[in-house]
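Structure first, then comments.
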Amino acid sequence: MDDFTPEQVARGRALRRAQLPWALGGRIAGLLCTLALGLTPAGAGLVTAAGSVLGGSRTARVLAGAAALVLIGQLLQLPFGAGVRVVRRRYGLVTQGWAGWAVDALRGLGLTLLLGLPVVYGLYALTDRSPHGWWLPAAGFAALLTTTLSFLYPLLIEPVFNRFTPMPEGPLRTALLDLAARDAIRVKEVLVADASRRTTALNAYVSGFGATRRIVAYDTLLSAAEPREVELVVAHELGHVKHRDVLTGTVLGALGAAVAVALMGLLADRSVLLTAAGAADAADPRSLPLLAACAALIGAPAGPPQCAVSRRVETRADRHALELTSDPEQFIAMQRRLAVTNVSDVDPPRLLELLFATHPSATRRIAAARAWRPAPA
């Protein structure tokens, strides 16, 4: 770890240790709450009570029950999210005030309800038609919805949380577009996201497909990094496009969503679980917490394998950046800057990396850059 001073290494480790209990605690609390509501009559009682507020019809119980579950989940996560935020603010990574954070939380809640309630309504329309075979059409719908949201995310979701402005004409914009052209990647525009109103962290990404594809750079990155370092960050992101990582991830996500729904259907059809949840069958709105619990049980073990795949994808994107720029020295400089500015743990414990890390550690990325050699001409 000669690339970082002892103070930088200690600072990253201290941040990781300080925020891990909050982050991990939030995950555990969310899972336990979901299981408690889904595998006991408490969830059924919640759905019935929420539905009675809107008249007690089946539709009222479905929509009000789903909204209540979402709201409870969001409220439960607030203290843990606030704890992480306090820690990150102490390390200079948070610039947003509490009022802005609350507004973002409300926006997230509104989006979840806006997108989730129609999905739940459609799901229970299917269970009403076929209490035992609903999962088959629902699996196809889940795959279609995952694909659609992936395409629409940069157009509909991103603007809710950030403002984007075109990068002014100049050498850096030209260099970024030249990178994309050398990579034979069509880019519609280069945008700057106003990330500085929330954080000091540095980042950039490429989002969208085809005619909607754009390079997005955080304003924090543009103000803190050298232009060549910005190019290296974008070259890495172009690697994801070149290797169709977003498209592949969308396809895999759609397949995963379909499989998850099928497994939910198999679990929710078991009489022992329905009895524990206080529901008659999957068509009963009181089964909603049970479906949520089944989804949580299916999703929890998928985390580490997803992280492992993500680390391999990120390693490949790093290699692409080196091949595109042939500039390992600046790549290393970029990794140093990102790690120091973002207060990263540059060499975390291997177990934590295997369980939670979506990117290789900074020391691994730098070592790979030093070992990289251009392909023979």
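The values are calculated or read from the model by the stated rules, or taken from the named source; none is laboratory data. Model, not experiment: these values are computed from the prediction. Glycine also receives a Cβ, built like all others from the backbone with ideal geometry; neighbour counts cover every protein chain displayed. In case anyone asks, the SASA skips ligands and DNA or RNA and just uses the protein heavy atoms, side chains included. Shrake-Rupley method; radii C 1.70, N 1.55, O 1.52, S 1.80 Å.
Tabulated data for the structure shown
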item	result
Segment 191-232-segment 19-34 distance, computed between alpha-carbon centres (Å)	30 Å
Where a label projected 7 Å from the Cα of Ala36 along Cα→Cβ would reach, residues of segment 49-75 with amide N under 14 Å	72-75
Residue-normalised accessible area of segment 205-338, expressed per residue, 1.4 Å probe, Å²	42 Å²
Residues with amide H under 5 Å from that of Glu189, placed H, sequence gap 5 or more	Ile215
With Cα atoms, 0 to 90° folded angle of helix 227-242 axis to the chain main axis	50 degrees
Under-5 Å amide H pairs with Ser207, H placed in peptide plane, nonlocal only	Arg214, Val216
The chain: relative contact order in percent, alpha carbon pairs under 8 Å with at least 6 residues between	23 percent
Karplus-derived 3J(HN,Hα), 6.51/-1.76/1.60, for each residue of segment 293-299, Hz, glycine and proline x	5, 4, 4, 5, 5, 6, x
Derived scalar couplings ³J(HN,Hα) [segment 245-257; Karplus, 6.51 cos²θ - 1.76 cosθ + 1.60; whole Hz; x for Gly, Pro]	5, 5, 5, 4, x, 5, 5, 5, x, 5, 5, x, 5
For Trp372, solvent-accessible area (1.4 Å; no DNA, RNA or ligand), Å²	40 Å²
Sulfur and carbon atoms: percent of accessible area, the chain [1.4 Å]	65 percent
The chain, helix-only ellipticity at 222 nm - DSSP H runs n ≥ 4, -39,500 (n - 2.57), divided by all residues, nearest 500	-23500 deg cm²/dmol
Degrees, to the nearest 10: 58-90 long Cα axis against longest axis of the chain	30 degrees
In order through segment 116-126: 3J(HN,Hα) via Karplus (6.51 cos²θ - 1.76 cosθ + 1.60), integer Hz, x for Gly, Pro	x, 5, x, 5, 5, 4, x, 4, 6, 5, 5
Segment 96-111 versus segment 255-299: alpha-carbon centroid distance in Å	31 Å
